[in-house]
Amino acid sequence: MPVVERNLVITNKVGLHARPARLLVQTAALFQSQILLQYGTQTVNAKSIVGVLRLGARCGSTIHLRAEGEDAEEAVRSIAELVQRNFDEAEETESQQGEENTTGVSSETLA
């Protein structure tokens, strides 16, 4: 069976907290491959929310992603893209700032 491995750097501000961990687990669950995450000395099943949260990976942490199975390449690519997009948190933060700004002045103008 194909095995695909890749190191990923967590760059979102709060690391693998509940929301990013949930998105990672949901993405991993889409694939048949066995998907493991390693951080430090811990290795966990990427399809387990408890396991992913237990890693405690913070911003700047490098995690090792390993997938084994027929769809391993696609699984690693999808999870890597999610991490590289910062779990879509930047977009969420920007939209929240826009909603919170009631002065009629754009957030960019205030910066």
Which of the residues spanning the stretch 9-19 are surrounded by 15 or more Cβ atoms within 10 Å (Cβ to Cβ) and within 14 Å of Leu55 (Cα to Cα)?
Ile10, Gly15, Leu16, His17
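For the stretch 20-54, give me each residue that is in a helix (DSSP H, G or I) and either open to solvent by less than 60 Å² (accessible area, probe 1.4 Å) or free of Cβ contacts under 8 Å to residues at least 24 places away in the same chain (or both). Reasoning before the result, please.
Restricting attention to the stretch 20-54, the residues satisfying the condition of being in a helix (DSSP H, G or I) are 20-28, 49-54.
Residues satisfying the conditions are Pro20, Ala21, Leu23, Leu24, Val25, Gln26, Thr27, Ala28, Val50, Gly51, Val52, Arg54.
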Looking at the stretch 1-19 only, could you name the residues that are β-branched (Val, Ile, Thr) and in a loop (DSSP other than H, G, I, E, B)?
Ile10, Thr11, Val14
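Does the stretch 55-73 hold any residues that are open to solvent by less than 40 Å² (accessible area, probe 1.4 Å) and modelled with pLDDT of 95 or more, and which are they? Break it down stepwise before answering.
Let us first name the residues in the stretch 55-73 that are open to solvent by less than 40 Å² (accessible area, probe 1.4 Å), namely 55-57, 61, 63, 65, 67, 69, 71-72.
Residues satisfying the conditions are Leu55, Ala57, Ser61, Ile63, Leu65, Ala67, Gly69, Asp71, Ala72.
The values are calculated or read from the model by the stated rules, or taken from the named source; none is laboratory data. It should be emphasised that the depicted structure is a prediction, and the values quoted were computed from it without experimental measurement. Cβ: placed from backbone, ideal geometry, glycine included. Neighbour counts: every protein chain shown. Only protein heavy atoms, including side chains, enter the accessible area calculation; ligands, DNA and RNA are left aside. Shrake-Rupley method; radii C 1.70, N 1.55, O 1.52, S 1.80 Å.
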